[in-house]
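Inspection log for the structure reproduced underneath, given as structure tokens.
The values are calculated or read from the model by the stated rules, or taken from the named source; none is laboratory data. Here the structure is a predicted model, which is why all the values come from computation and not from measurement. Cβ coordinates were reconstructed from backbone atoms using ideal geometry, including for glycine residues, and neighbour counts include every protein chain displayed. Ligands, DNA and RNA are excluded from the accessible area calculation, which covers all protein heavy atoms including side chains. Shrake-Rupley method; radii C 1.70, N 1.55, O 1.52, S 1.80 Å.
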Amino acid sequence: RSIFKPGKRIGIVVPELEKYISLLKRELSAELVPNSIFKPDEQVFNISLALPLSQEPMIKVAIDLLNIKSATITINKFLSFIQSPFLGFAYPPSQEISDLERKLRKRRILSISLDQFESTYGNIPQIKRLVEVLRSWVSHKDLFTLSPYENNLLPSEWTEKISAVLKAFNWPGYSKDSTSHQFVLSKRHQSFETWKNCLNQLSSLNQILGPINREKALEYFTNIVQNTPFQIKTPEHSIQVVGLLESSGMQFDHLWIMGCHSEALPAHPEPNPFIPYEIRNKFSIPRSNSQRELEFAEQSLKRLIVASPDVHCSFPLHEGDMDLEISPLIKSFPNIDKTNYLSKRIKDHILTLTDLEELTEPEFLPATDTEKRLYSTEGISSGYALLKDQVECPFRAFARYRLNSERHQIPEVDYDNLDRGNVIHKALELFWFDTVDSDTLLELSKDSLEKQLKRYVREALKICSIRTTNQTQFNNLEIERNIRVIHDWLLAIELKRPSFRIHKLEKSISINLAGIKLLLRIDRIDEIPGKGLLLIDYKAGRDAKPTEWFAEKIRSPQLPLYSMDEPPAGLAYGHLVIGKPEFKGTTIPDFPLGQFKNHDFKKITGCSSWEELLKHWKTRLNRVADEFLRGKHTVAPINKGEPCRYCEFDSLCRVQETLETWESD
Ligand code: SF4
């Protein structure tokens, strides 16, 4: 910035330009065009490195569309289509498209079927059109006549089909919108022109290829697009960023050669194994041997030093974990004092301002009357999670329940731990629905127990995992595994228990805490003859610790909360894991449960009676609910930020910045 003058040419030469292109683009934009963060792509510099045309977002979406081969498409791809401005969709997406996205994410599906799209996901006209065109494309039918495509066509005929179908997709979504920046429009136009050249290239293969089918035509075309370099033509810029080779013959008023470390200057040889050794050496092919690279680096440096009256070289001290050294080729150059140039990035400027305005954030942001009315009438489903969040980090509860923030991540696989837990819960529910007490369980022979388990697990999988319905092999493995889990549990725990009777399964309740209606569901309630009720919560994944019920802050409020519905005589976790099932919790004295690990509440809490413990929980939980209503929303994760490990709100609460400040203090 300090040396910039209109008409002067400034050069930045980067030996490994292709490696750093996106980093350079970002940093140079931030430093030289701070307002580029508002107007994307506006540049005062030019980076002369052409990337493949297929990497241009507008082209990528077209190639993705053309290469859809079946009527089932992945959810990520589908979302990228319905949010693409190149297909005429608004960006940011309209409300109805955002709602659809939320719906799809909530259902945790990995792919959608185009054939069932309308009946399942409603009828947004713009998406309906996209789905129709996609459907006719994957079924190889002409969009307008709906007659099947001819199997083999000449490449030039395929180019017409490709253009027609993309037009039907509304691609490239040109807008005459005056708010679109000139640069963006020009970039779109140039990409489109290059795309047309690629189509011409495909047409020119008529004589060589003759009639080919659609797959072949698309394969050739995709190949052409991937191998076509694309660089946007911009007006002459004063600042040119170029690689070593491209810098040849250029003259500058000021020149900065960056990245001159020993690993890059000279570069490491990377000989092409498909070119014979003799030929590589005879013709001194680039990257063929270290001697050639050394000579190239020396010549380039010599040339650059005379290409400008003002040359600066620099090298990085580190890259990732690796320490770097100065290139031996510039070691003899005179050293200048290491200068820390001040950053011009907006973010860095804000951080260094000394007269920052101080703002004291109120610790409490009380719930409004409307919110309170909503909490007390509609209630909060899975309400225990609200209390858990409030205890683990008040801001998390605030973000989830007051700001209604949520992130539904698309699962990476079509069956994960959540599904597995649901299947086990469901299978146990079905099992105990028929096996009503310990006597019925004891009467089951080994054989019929196994048969029953197989039936219930199979049924549970059908109900809870629609996404894997057609994966017979996988389902069989999963059924086998879940049978083992439940079998081990029954054998090690349930069959050794004294008499009990199933009182309720998956009972839905609602509890009112400080004016908030919490909607809950209890896995199972057993009746122990002559003693009372036992609340059971199954855990199929992470271990659960009853000690958390007795802590100052109750991190696992589920069972203590349930105890406010029908006062029980004991609470228990059923931890279902292969080979090591556990039955543990806390109960009134002399409560016969067999292989049960009882945590003596009197010793841990100091409560003298069971009734006192129930009252103690009620008071504590009411206090947490009240704290939520009063609006405590501080970013204060317990246990040194342990809850942050699994929290999706880290970018919202910016806890990282707080931690950095604490650390630097
Ligand atoms: S990331 Fe940590 S601090 Fe931020 S909301 Fe989540 S739990 Fe709280």
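Things worth noting here:
- Counting only helices (runs of 4 or more DSSP H) wholly contained in region 210-305, the ones carrying 3 or more residues that are over 25 Å from S54 (Cα atoms) occupy 277-282, 290-305.
- Some residue of region 348-361 being aliphatic (A, V, I, L, M), closer than 30 Å to L629 by Cβ and modelled with pLDDT under 90: yes
- Residue ID - farthest from the ligand (Cβ to nearest atom), chosen from residues in region 396-409 that are open to solvent by less than 30 Å² (accessible area, probe 1.4 Å) and of a type outside the set (G, A, S): F398
- Among residues of region 267-296 that are more than 16 Å from L244 (Cα to Cα) and without any contact (Cβ under 8 Å) to a residue 60 or more places away in the chain, those with a beta-carbon under 9 Å from a residue that is loosely packed, with under 12 Cβ neighbours inside 10 Å and acidic (D, E) at least six positions away or on a different chain give the pairs S288/E270.
- Flag if I502 is assigned to a helix (DSSP H, G or I) and either open to solvent by less than 60 Å² (accessible area, probe 1.4 Å) or at pLDDT 95 or above (or both): no
- Test: T469 is β-branched (V, I, T) and either open to solvent by 90 Å² or more (accessible area, probe 1.4 Å) or over 42 Å from the mean Cα position of the chain (by Cα) (or both): no
- Unique residue being open to solvent by less than 30 Å² (accessible area, probe 1.4 Å) and not small (G, A, S) when the list is I285, I239, I305, I279: I239
- Complete set of residues in region 612-648 that are basic (K, R) and near the ligand (Cβ under 9 Å from one of its atoms): R645
- Neighbours by Cβ (under 9 Å, 6+ apart or cross-chain): first from region 629-652, in contact (Cβ under 8 Å) with a residue 40 or more places away in the chain; second among the polar types (S, T, N, Q) and within 9 Å of the ligand (Cβ to nearest atom): V635/T658; C644/Q656
- Failed item, numbered, when A90 is tested on (1) farther than 30 Å from L245 by Cα; (2) modelled with pLDDT of 90 or more: (2)
- Of the criteria (1) assigned by TED's automatic domain parsing to the domain that holds K302; (2) polar (S, T, N, Q); (3) at pLDDT 95 or above, which one S238 fails: (3)
- Looking across L629, L614, L593, L621, one residue alone is of a type in the set (A, V, I, L, M), in a helix (DSSP H, G or I), in the same structural domain as G532 (by TED's automatic domain parsing) and under 15 Å from L571 (Cα atoms). It is L614.
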